[in-house]
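These notes concern the structure reproduced below.
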Amino acid sequence: MMTQYRALKAEAPDCLLFYRMGDFFELFFDDAKSAAACLDIALTARGEHDGARVPMCGVPVHAADAYLAKLIRGGFRVAIAEQIESPAAAKARGGKTLVQRAIVRVVTAGTLTEDVLLDASASNWLVAVVAVGDAVALAAADVSTGAFELCEMLSAQLEAEIARYSPSEVLCAPAEAGALAARAPASAGPQIVQREQRDFDSAKGEAKLKALHDVATLDGFGAFTRAELAAAGGLLAYLDHAGKGTLPFLAPPVRRTATEHMAIDAATRESLELTQAAGGGRKGSLLDTIDRTVTGAGARMLASDLSAPLTDRAMIDARLDLVAHWAEDGIGREELRATLRAIPDVARSLARLSAGRGSPRDLGSLREGLARAWELRERLGREDVPRLLTTLLPALAGYGSLIDKLTRALVAEPPIDAATGSYIAAGYDAALDDLRDAGGMGRRQIA
């Protein structure tokens, strides 16, 4: 077993290794010492290695998310090694064969999708930075929602752009690592992760983007520079590594320019307490003071807008027209807020489903969110609303067949855990109904 453990550990030397053994994830050696100290759990020992007892600790699989949250907040990265065959299959191979295990995912601060590991009111950005000749480019993705942006800028603008995203992790090649570390804020800065230079390749980045979105050309998304494509390549290579070959859902990349918004460096942001108070945390910041949003998505959008004040007069006027509309229509505003309050966090549910980590409840959230969005489109489409809202309304409709299918397929309140079953509605599948009847009336049928 230790031979298998060490082989898996060698695949992720910079991570703590969660090694699945039955109903527990076990950690050994220095990983066990670090995890036990961070999680405040008992450190035990198992067997011997080189004449010394092997340090060991473990956490239950069913409660792993809570422990992962503490480890990620503690600055650790965690590789998840799962059993990829059943004990019966291992036994069928003969002898005392060990159950095969493989690392199925690397959990890092910038690649989280689970609600318990995330702040519903804050985005969780992963940023990749690369210098190509005289150009500096940045790729930013929030894998919990699928947001994906590319931007090229002057070297002097890089610090302000990174500060705007306030990322959990920053990826870079070794050549840029020193400069980024020197620019990072003294407290609560992002984790800087060095990646191989070959990951930041513009041709590979372009190919990965085409494959991800199944297109022959990127022209429909925008005119991206070689530096931007190189940054995208580095980011996608890291996500591929973290997902062990499974990329999360990412929307088509949006090209941003550094002049679209006011440049505010990290020191100025800290002094102004825009989104974080001087002592750390959201409480007491400007964002905390003015935030009256009723959804997680709204809170994240407000934080993004506050972090990046617009510089384009037309865009500013369009936004103010929309604000004025709802400020003057108190009844309509409260009706809208009531509707929004009932809408689940569709973006994060969709991200989990796309990554293969979704639950029946996420499918239910998708159903409810799309249905409520359709209702909003129907109601607001009949009103005289500002131009900015008019341009947004078409995106709220067009999912009728999916809403219908999810409504017919799911029970009214799907459970969180798919293993519990009972989330497919009666009447959706005749064969499943027959199996349920057989299971529920087994005694009667036997009699």
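Quick notes
- Hey, Gly356 over 30 Å from Asp321 (Cβ atoms), in a loop (DSSP other than H, G, I, E, B) and among the small types (Gly, Ala, Ser) or not: yes
- Just one of the numbered conditions (1) open to solvent by 40 Å² or more (accessible area, probe 1.4 Å); (2) of a type in the set (Asp, Glu); (3) in contact (Cβ under 8 Å) with a residue 24 or more places away in the chain; (4) out of contact with any Lys or Arg (no Cβ under 7 Å at 6 or more places or on another chain) is not true of Glu159: (4).
- Looking only at region 106-117, and only at residues there that are open to solvent by less than 30 Å² (accessible area, probe 1.4 Å) and not small (Gly, Ala, Ser), the one that is farthest from Gly245 (Cα to Cα): Leu117
- Only listed residue being part of a helix (DSSP H, G or I) and in contact (Cβ under 8 Å) with a residue 12 or more places away in the chain, chosen from Ala211, Ala232: Ala232
- Selection of first residues in region 371-395 that are over 16 Å from Trp326 (Cα atoms) and of second residues that are outside any loop (DSSP other than H, G, I, E, B) and small (Gly, Ala, Ser), restricted to Cβ pairs under 8 Å at least 6 apart or on distinct chains, gives the following pairs, ordered by first then second residue: Trp374/Gly400.
- Condition broken by Ser349, with the remaining ones in (1) closer than 18 Å to Thr246 by Cβ; (2) open to solvent by 30 Å² or more (accessible area, probe 1.4 Å); (3) part of a helix (DSSP H, G or I); (4) without any contact (Cβ under 8 Å) to a residue 40 or more places away in the chain satisfied: (2)
- Odd one out for Gly358, checked against (1) under 22 Å from Trp125 (Cβ atoms); (2) crowded, with 20+ Cβ neighbours inside 10 Å; (3) in contact with a Lys or Arg (Cβ under 6 Å, 6 or more places away or on another chain); (4) of a type outside the set (Phe, Trp, Tyr): (2)
- Qualifying positions in region 387-419 - under 25 Å from the mean Cα position of the chain (by Cα) and open to solvent by 80 Å² or more (accessible area, probe 1.4 Å): Leu392, Tyr399, Glu413, Ile416, Asp417, Ala419
Residue-by-condition table, conditions (1) polar (S, T, N, Q); (2) under 28 Å from Gly280 (Cα atoms); (3) in contact with a helix residue (DSSP H, G or I) (Cβ under 6 Å, 6 or more places away or on another chain):
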| position | (1), (2), (3) |
| --- | --- |
| Gly110 | no, yes, no |
| Asp142 | no, yes, no |
| Leu154 | no, no, no |
| Ile162 | no, yes, no |
| Ser166 | yes, yes, no |
| Glu169 | no, yes, no |
| Ala177 | no, yes, no |
| Lys204 | no, no, yes |
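- Region 147-156 - residue that is modelled with pLDDT of 95 or more and either in a loop (DSSP other than H, G, I, E, B) or of a type outside the set (D, E, K, R) (or both) and, of those, surrounded by the most Cβ atoms within 10 Å (Cβ to Cβ): Leu150
- Residue match in region 173-180 (condition: of a type in the set (A, V, I, L, M), open to solvent by 20 Å² or more (accessible area, probe 1.4 Å) and not in a helix (DSSP H, G or I)): no
- Test result for Gly178, in contact (Cβ under 8 Å) with a residue 12 or more places away in the chain and not charged (D, E, K, R): no
- Filter result (part of a loop (DSSP other than H, G, I, E, B), in contact (Cβ under 8 Å) with a residue 40 or more places away in the chain and farther than 24 Å from Asp134 by Cα) within region 235-265: Gly243, Lys244, Thr246, Pro248, Phe249, Leu250, Ala251, Pro252
- Some residue of region 278-298 being in contact with a Lys or Arg (Cβ under 7 Å, 6 or more places away or on another chain), part of a helix (DSSP H, G or I) and touching a residue at least 24 places away in the same chain (Cβ under 8 Å): no
- Selection from region 124-156 of residues that are in contact (Cβ under 8 Å) with a residue 40 or more places away in the chain and among the polar types (S, T, N, Q): Asn124, Ser144, Thr145
- Total residues in region 15-69, condition closer than 17 Å to Leu117 by Cα, out of contact with any helix residue (DSSP H, G or I) (no Cβ under 6 Å at 6 or more places or on another chain) and of a type in the set (Asp, Glu): 0
- For region 1-120, the strands (runs of 3 or more DSSP E) that sit wholly inside it and include 2 or more residues that are more than 20 Å from Ser168 (Cα to Cα), touching a residue at least 40 places away in the same chain (Cβ under 8 Å) and within 28 Å of the chain's Cα centre (by Cα) are 16-21, 78-83, 101-107.
- Residue that is nearest to the chain's Cα centre (by Cα) [pool: residues in region 420-429 that are open to solvent by 70 Å² or more (accessible area, probe 1.4 Å) and free of Cβ contacts under 8 Å to residues at least 12 places away in the same chain]: Thr420
- Test: residue in region 346-357 that is at pLDDT below 95, closer than 19 Å to Val143 by Cβ, among the basic types (Lys, Arg) and out of contact with any Gly (no Cβ under 8 Å at 6 or more places or on another chain): yes
The values are calculated or read from the model by the stated rules, or taken from the named source; none is laboratory data. Everything quoted here is computed from the prediction, not taken from an experiment. Using ideal geometry, Cβ is built from the backbone for each residue, glycine included, and neighbour counts are taken over all protein chains shown. Quick note on the areas: whole protein, heavy atoms, side chains included, nothing else; ligands and nucleic acids left out. Shrake-Rupley method; radii C 1.70, N 1.55, O 1.52, S 1.80 Å.
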